[in-house]
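Visitor: First, the structure itself, so that you have it in front of you.
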Amino acid sequence: MRMFTYKHCRKALCALCESKEVTDAPKGLSAIPDDIIYIATWDMKHWDLTDQFIRTCKPLVDSIGYLESRDANLADCSTELLRCANHLTKLKLLPNDSSEFYENATKLFNKAFHTMNTDIHFLCLFLHPHYHCLAIAPVTFSRTFQDVCKIALAIA
């Protein structure tokens, strides 16, 4: 399966925007506005930002697809959330990227992460035989074994 990048999309849009059918508006159809043609053919900043958006969001989209395509449990959801967080921390800004977008995306993801990282999700992660070590990791905002006991007792 061939992966298309934003460069493939830009090339296809450029070819489309330069065709006579687009500029002459045949058969009573409307022509594509000039500002759209400009963005598709000349505005490289638009394409750089589109690429940054795709690089930032792709792991989230992949995780959603992965979890929806199988019988996922709460531990699977937690590990996918951790994988996305890991990706975001390792994302490198390219020269034409927007640092403001990156900072805002990180801030929003962290807020959503802490909202979704509930005690129940944590307990499921802890009880899963493969993810036990992830649950009690020595990182900021991690929980302890005493927290595991409190959460389990509260449920019981």
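Visitor: Take the eigenvalues of the Cα gyration tensor for region 32-140, scale each by 5, and report the square roots as semi-axes in whole Å, largest first.
Guide: Semi-axis lengths for region 32-140 are 35, 16, 10 Å.
Visitor: How many nm is it between the label spots at residue 155 and residue 43, if each spot is 7 Å from the Cα in line with the beta carbon?
Guide: Once both label points are built, they end up 4.9 nm from each other.
Visitor: What FRET efficiency comes out for residue 96 versus residue 69 if R0 is 30 angstrom and r is the Cβ-Cβ distance? Round to the nearest 0.05.
Guide: Values: r = 34 Å, r/R0 = 1.13.
Efficiency for this residue pair is about 0.30.
Visitor: Could I ask something else about it? With every protein chain left in place, what is the accessible area of residue 11 in Å² (1.4 Å probe, nearest 10)?
Guide: 150
Visitor: Below 13 Å, Cα to Cα, which aspartates and glutamates can residue 45 reach? Residues fewer than 8 away in the same chain don't count.
Guide: 97
Visitor: Holding the Cα-Cα limit at 27 Å, pick out from 92/150; 58/150; 11/107; 90/150; 11/92 the pairs that are longer than that.
Guide: Cα-Cα > 27 Å for 92/150; 58/150; 11/107; 90/150; rest within.
Visitor: About the Cα centre of region 53-156, what is the dipole size in debye to 20, counting +1 per Lys and Arg Cβ and -1 per Asp and Glu Cβ, all else neutral? Before the final figure, lay out the partial values.
Guide: On the way: 10 positive and 10 negative charges, 44 e Å.
Using Cβ point charges on Lys, Arg, Asp and Glu, region 53-156 gives about 200 debye.
The values are calculated or read from the model by the stated rules, or taken from the named source; none is laboratory data. All values derive from a computational prediction rather than experimental measurement. We place every Cβ from the backbone using ideal geometry, glycine too, and count neighbours over all the protein chains shown. SASA here: full protein model, heavy atoms, side chains in, ligands and nucleic acids out. Shrake-Rupley method; radii C 1.70, N 1.55, O 1.52, S 1.80 Å.
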